[in-house]
Amino acid sequence: MPPADLPEIPGVLSARQALATAEAIAATQEPDGALPWFTGGHTDPWDHLENAMALTAAGLWEQARAAYLWSAKTQRADGSWPTQFRAGVIENHDSDTNFCAYLATGVLHYLTSTGDTEFANEMWPVVRAGIDFVLRAQLGHFGEIHWSVGASGTSGEALLTGCSSIFHSLRCALALAAHARDPQPEWEVAALRLGHALRAHPEAFLDKDRYSMDWYYPILGGAIRGPDGYDRIASRWDDFVVADLGIRCVSDQPWVTGAETCELVLALDALGDHRRALALFTNMQHLRETDGSYWTGLVFADGKRWPEERTTWTAAAMLLAADALSRTTPANNIFRDLLPPPTRTTRACDCAATVPRP
């Protein structure tokens, strides 16, 4: 049976409100299990899984299982997923490596939440094939992973946010491998190389520092923690945080977004900075609608919602942040301390100084 307790933040989010948000996400679920951005919108494999995790956190396990089974059914023979679907039809056949890795995070979250080892074992071959596909794109000079794979090959470019998320997914995949008693030592090497690239070689990644995700994702994904994490947060706090509203998606635009704010909440929670995490979580609630759904963002220069969409993944990020702050479900620490700290070398880096560029 699903848990009786739902994430609740006193004075900010009640358990009843948390359930309403989960039900708003579930109401968009298509007959095949897909969880699109909104009713009639497209589905991408990453946000679909974020939604499944939120449904699990709220006790809607049957709907979450249907979502994971959709992932299993739509995986291609090479272990990948298309980047975008709409009503069961593929709209973008290319693969995003971060999207393909994220199933490991979702399945570990479901296993930890429910204890359903049989379902985790059923999903293990799907996770394994997805990770193997992703690591075939680890072609970067320092261990970074190219972000896109299409008919003509990989993009040749790595994204800091995507690789940070892949790093977390690799560690989740290794935990699932241990659970399945199917060791994957080559994944451990890949994770070590990727973690080192994230910590020591920003030049390996495309310059996207206008975007808040590139600021906090190395912390959220677990590659950077402790004093280095605090220093990273301090370095761009004033660039992104808008008092009483949340955080900017892009540093030079007057636009705060709910999902990015809640992901920063999770990153701060992982650092142990509960005070600022709770404040940001409270501040983003102005995006809540009466039915429990959440608007994507607000252009604070003119007070307008933009885009005029209530996205499931914004609601999902909010529920996962609520679970982390409230310590409610067994998987509330999926981004905090469920996994052992990443190994890192203490010797001086002997990598080449720069990434070769065309």
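The values are calculated or read from the model by the stated rules, or taken from the named source; none is laboratory data. Since the model is a prediction, treat every value here as computed from it, not as a measurement. Here Cβ is always computed from backbone atoms with ideal geometry, including for glycine, and neighbour counts include all displayed protein chains.
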(message) Which residue is farthest from G221 (Cα to Cα), if the candidates are limited to the stretch 154-188 and must be of a type in the set (D, E, K, R) and in a helix (DSSP H, G or I)?
(response) E186
(request) Could you check T112 against (1) of a type in the set (V, I, T); (2) closer than 27 Å to L319 by Cα; (3) surrounded by fewer than 19 Cβ atoms within 10 Å (Cβ to Cβ) and say which number it fails? (result) (3)
(request) Filter the stretch 295-346 for residues that are part of a strand (DSSP E or B), of a type in the set (A, V, I, L, M, F, W, C) and touching an Asp or Glu at 6+ places or on another chain (Cβ under 9 Å) and give the result. (result) W295
(message) Quick check on the stretch 38-80: of everything there that is outside any helix (DSSP H, G or I) and either among the charged types (D, E, K, R) or touching a strand residue (DSSP E or B) at 6+ places or on another chain (Cβ under 7 Å) (or both), which residue is nearest to G150 (Cα to Cα)?
(response) S80
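Okay, residues lined up against (1) outside any helix (DSSP H, G or I); (2) aliphatic (A, V, I, L, M):
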{"position": "T105", "(1), (2)": "no, no"}
{"position": "L108", "(1), (2)": "no, yes"}
{"position": "S113", "(1), (2)": "no, no"}
{"position": "F119", "(1), (2)": "no, no"}
{"position": "M123", "(1), (2)": "no, yes"}
{"position": "L139", "(1), (2)": "yes, yes"}
{"position": "F142", "(1), (2)": "yes, no"}
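Rundown of residues vs (1) of a type in the set (K, R); (2) within 28 Å of R327 (Cα to Cα); (3) loosely packed, with under 15 Cβ neighbours inside 10 Å, yes/no style:
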position	(1), (2), (3)
L220	no, yes, no
A223	no, yes, no
D231	no, yes, yes
A234	no, yes, yes
D252	no, no, yes
L287	no, yes, no
(message) Any residue that is in a helix (DSSP H, G or I) and free of Cβ contacts under 8 Å to residues at least 12 places away in the same chain - is there at least one of those in the stretch 14-37?
(response) yes
(request) Restricting attention to the stretch 3-38, report how many residues are exposed (fewer than 15 other Cβ atoms within 10 Å of the Cβ) and modelled with pLDDT under 95. (result) 2
(request) Check G292 against each of (1) part of a helix (DSSP H, G or I); (2) among the small types (G, A, S); (3) in contact with a Ser or Thr (Cβ under 6 Å, 6 or more places away or on another chain); (4) surrounded by fewer than 23 Cβ atoms within 10 Å (Cβ to Cβ) and name the one condition it does not meet. (result) (1)
(message) Tell me yes or no: at least one residue of the stretch 270-287 is assigned to a loop (DSSP other than H, G, I, E, B) and polar (S, T, N, Q).
(response) no
(message) Looking only at the stretch 94-120, how many residues end up being among the charged types (D, E, K, R) and closer than 17 Å to P82 by Cβ?
(response) 2
